[in-house]
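Inspection log for the structure reproduced underneath, given as structure tokens.
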Amino acid sequence: MTMTDIKTKPGPVVVMTAGGLNPTIVVQHLARAGMDVQVILENPEGKGEIVKRRAKKLGWINALGQLGTMIAARALRRAADRRVADLLARHGLDRTLPEAVPIHPVTSINAPETAALVAELKPGAILLVSTRLMSARQLAAMPCPVINLHAGINPNYRGQMGGYWSLRENDPQNFGATLHLVDAGTDTGGTLYEVRTRPERADFVSTYPLLLTLAALDITRQSIEDALNGRLAPKTPEGPSALRFPPTLWSWIWCGMTRRIW
């Protein structure tokens, strides 16, 4: 046996996240599939920072209206608990990270400490789930493929609340999720896999992300396996491209009242 016959075992899978239920179930799924998973947990981006950034792009009225919808969606999570519990039970998942999975707290995925930690962990693949955008500089420093789980079908539903917008735009056949490579844009990297599903009557803006995450578990695992085995085959997403933001509070209420799309 020569040295070239010996296959080098790929490094761990590093999941970068700001925390929450959706990344938790992704980590559970990957760990149960036998993957060596480690979590880099960043501090969530402050709402004030988000609002200021959006105000520069969209104006203060829209930015504050979107903040209202985000707050309302968070407040309605209790109302979604029964539906969430049902979805988790169907998939045999729960709300806790596996105890055996190491967690590494950092201030931000873009911090120098994060780049140093990644260099130490030597991952074979990095998966972003519910994080701030990775900067181009940080992305260039990553030693392996960086993949994002996006709750929307690219390129028409880039950004936030892609599932909601597909319903609102009378495009329910594109209520789905995308696994894609991360590049310098917002959900503009090459598509690896897509999955589509259908919401039920009990679903609304607070349950759409979970529904899409659950639907995407298998293609998330497949994307990671492809990265670890050197067989990624990204494709350029086709069709109209649009960057989505949360609807303003008044727009969300109007659409809910008139079209029953909550």
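All of the numbers you see were taken from the coordinates with simple rules; none came from a lab. Because the structure is a prediction, the values reported are computed rather than measured. Glycine gets a Cβ as well: all are built from the backbone with ideal geometry, and neighbour counts include every protein chain shown.
Counting only the backbone N, which residues of segment 146-169 are under 19 Å from the spot 7 Å out from the Cα of ASP183 toward its beta-carbon?
It comes to 146-160, nothing else.
Treating the angle as unsigned and between 0 and 90°, give the value, to the nearest 10°, between the Cα long axis of helix 81-91 and the longest Cα principal axis of the chain.
Taking the Cα atoms of the chain, the angle to 81-91 is about 40 degrees.
Give the range of the longest stretch in the chain that excludes all trypsin sites (Lys or Arg not before Pro) found in loop regions by DSSP and having at most 10 other beta-carbon atoms within 10 Å.
Maximal segment without exposed cleavage sites: 79-200.
Might you report the magnitude of the Cβ-based charge dipole of segment 14-259 about its Cα centre, with Lys and Arg at +1 and Asp and Glu at -1, to the nearest 20 debye?
820
Treating cross-link reach as a plain straight distance, find the lysines whose alpha-carbon is under 24 Å from the alpha-carbon of LYS9, omitting any fewer than eight places away in the same chain.
Those lysines meeting the cut-off are LYS122.
Taking the Cβ of each residue in LEU64, LEU181 as the centre, tally the other Cβ atoms inside 10 Å and list the residues starting with the fewest.
Listed from fewest to most nearby Cβ atoms, that is LEU64, LEU181.
Net charge near GLU200: determine it from the other residues with C-beta under 11 Å of the C-beta of GLU200, scoring Lys and Arg +1 and Asp and Glu -1.
Summing Lys/Arg as +1 and Asp/Glu as -1 gives +1.
Run the numbers for THR197 and LYS122: contour at 0.36 nm per residue of separation, minus the present Cα-Cα distance, in nm.
Full extension from THR197 to LYS122 adds 23.5 nm.
Quick one: net charge of GLY159's neighbours, Cβ under 12 Å, K/R +1, D/E -1?
+3
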